[in-house]
Amino acid sequence: MPLEADLLAHLAKFDTAPFLFVGSGISRRYIATDDWMGLLRRFADKTDYPFERYRADASRNPAVMATSIADEFNPIWWESDEYAPSRIAFPDPESKQSPLKIEVARYVLSASANRPTAGVLFDELSLLSKAVVEGVITTNYDVLLESVFPDFKVYSGQDALLFNTTYGVGELFKIHGDAQFPETMVLTAEDFERFNDRNKYLAAKLLTIFVEHPVIFLGYSLADPNVREILLNISAVLTPANLEKLRDRLIFVKWSETGAQDDVVSTFHSIDGNQIPIISITVSDFTGVFSAIAKLKPRIPSGVLRRVKEQVYDLVSTSESKGTLLVRDLEDDVDPSQVEIVIGVGVRQQLALEGLVDGIENRLCWRCLTNR
């Protein structure tokens with residue numbers, strides 16, 4: 001397959017595995033969720049006003065529409081028997097916009113039952129689950145990606161990113177929140193205002209990822225406001241010369257029923273007068289793309305590497321004793337069962353004894369490391 005071979009060769013040029021940036025098009029394809037306007041129409045129909053009125057009053061701004069629908073839906077949710085189970089499950093909502101979020105979350109979670117169990121779409125998801133990636137970022141609320149990457153640590157919403165230590169590998173960032181925690185969902189105009197007011201940390205993290213990894217965008221169009229905001233942030237802080245360094249790292253996979261451009265094409269995307277170099281791929285199915293990512297040379301599995309980084313970080317960032325640290329040569333009489341974490345540096349043949357790989361003391365200047 002030309003696409004698979006071309007993309008695999010392109011990704012193999014990088015020292016790091018890719019990140020995936022996943023949008024609503026993926027959820028629509030695999031679990032048949034609504035697009036944003038479809039979601040708003042679904043809940044506008046539960047109020048006394050037609051969808052078209054909300055759209056006109058908000059000048060077609062989806063977030064403003066969501067605010068208006070939430071205001072009208074709030075008393076209905078409190079009074080209707082239809083939502084009695086939700087009122088039991090969520091007896092103390094945070095705001096009058098919470099009922100809409102709760103019911104949107106219920107709808108989105110119910111869509112998980114639509115995940116394919118056979119056929120082309122099932123095969124595509126199976127390939128995606130084998131993808132060699134270091135992390136996933138998504139604006140989707142649903143839990144499809146958790147089922148595809150079950151070993152990844154999930155961070156739901158902006159607060160989870162702000163107040164937890166992240167390790168840059170084996171992680172799923174749900175930057176617009178999670179249907180499992182409805183209050184984290186970024187849905188209304190007020191939500192987006194709060195999100196943007198606190199977005200500097202996230203923007204810095206995303207820029208770091210984009211500089212260090214190839215990033216594959218799935219389920220977005222280049223006109224998507226989320227994509228536009230990201231590219232605006234990038235163009236605002238990078239000089240034209242540094243923008244050029246992103247060449248070949250930003251890969252946009254666009255779905256088309258005809259798949260008119262089933263190859264890897266270097267091009268530019270213009271945003272506010274800046275030309276951002278991107279790779280564009282247009283496909284009618286994702287088999288070639290997912291196959292290429294799955295065939296990348298595997299490194300340490302992302303989930304395993306993340307746990308190791310977490311344990312090492314915990315070891316060096318606290319003075320509290322939480323386990324046994326051993327620095328010994330392999331010739332020493334060591335019982336591997338008594339060692340919780342082992343990190344090895346040295347010659348592979350000498351370090352492969354019973355899985356015990358340390359060799360730090362005699363093969364590396366330990367004092368040099370600790371002094372640094």
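The values are calculated or read from the model by the stated rules, or taken from the named source; none is laboratory data. Keep in mind the model is a prediction, meaning the values are calculated, not measured. Positions of Cβ are generated from backbone atoms using ideal geometry, with glycine treated the same way; all protein chains shown enter the neighbour counts.
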| message | List pairs: first residue in region 264-277 and in contact (Cβ under 8 Å) with a residue 12 or more places away in the chain, second residue of a type in the set (Phe, Trp, Tyr) anywhere in the structure, Cβ distance under 7 angstrom, at least six positions apart or on different chains. | response | Gln275/Phe268; Ile276/Phe268; Pro277/Phe268
| note | Exactly one of Ile26, Ile31 is under 19 Å from Val186 (Cβ atoms) and β-branched (Val, Ile, Thr), and that residue is Ile26
| said: If I filter region 9-20 for residues that are more than 22 Å from the chain's Cα centre (by Cα) and free of Cβ contacts under 8 Å to residues at least 40 places away in the same chain, do I get at least one hit? | reply: yes
| task | Pick out the one residue from Arg53, Arg42, Arg60 that is on the phi > 0 side of the Ramachandran plot and surrounded by fewer than 17 Cβ atoms within 10 Å (Cβ to Cβ). | result | Arg60
| field | Selected residue [under 19 Å from the mean Cα position of the chain (by Cα) and at pLDDT 95 or above] from Ser95, Ser147, Ser110 | value | Ser147
| task | Would you mind stating whether Leu100 is in a helix (DSSP H, G or I), assigned by TED's automatic domain parsing to the domain that holds Pro18 and crowded, with 17+ Cβ neighbours inside 10 Å? | result | no
| The lone exception for Phe163 - which of (1) over 20 Å from Pro18 (Cα atoms); (2) at pLDDT 90 or above it fails | (2)
| query | Take the residues of region 258-284 that are in a loop (DSSP other than H, G, I, E, B) and crowded, with 16+ Cβ neighbours inside 10 Å: which is modelled with the highest pLDDT? | reply | Val264
| Within region 51-107, can you find the residues that are hydrophobic (A, V, I, L, M, F, W, C), without any contact (Cβ under 8 Å) to a residue 24 or more places away in the chain and closer than 17 Å to Phe181 by Cβ? | Ala89
| request: Collect the residues in region 28-43 that are part of a helix (DSSP H, G or I) and of a type outside the set (Ser, Thr, Tyr), keeping them in residue-number order. | output: Arg28, Arg29, Ile31, Trp36, Met37, Gly38, Leu39, Leu40, Arg41, Arg42, Phe43
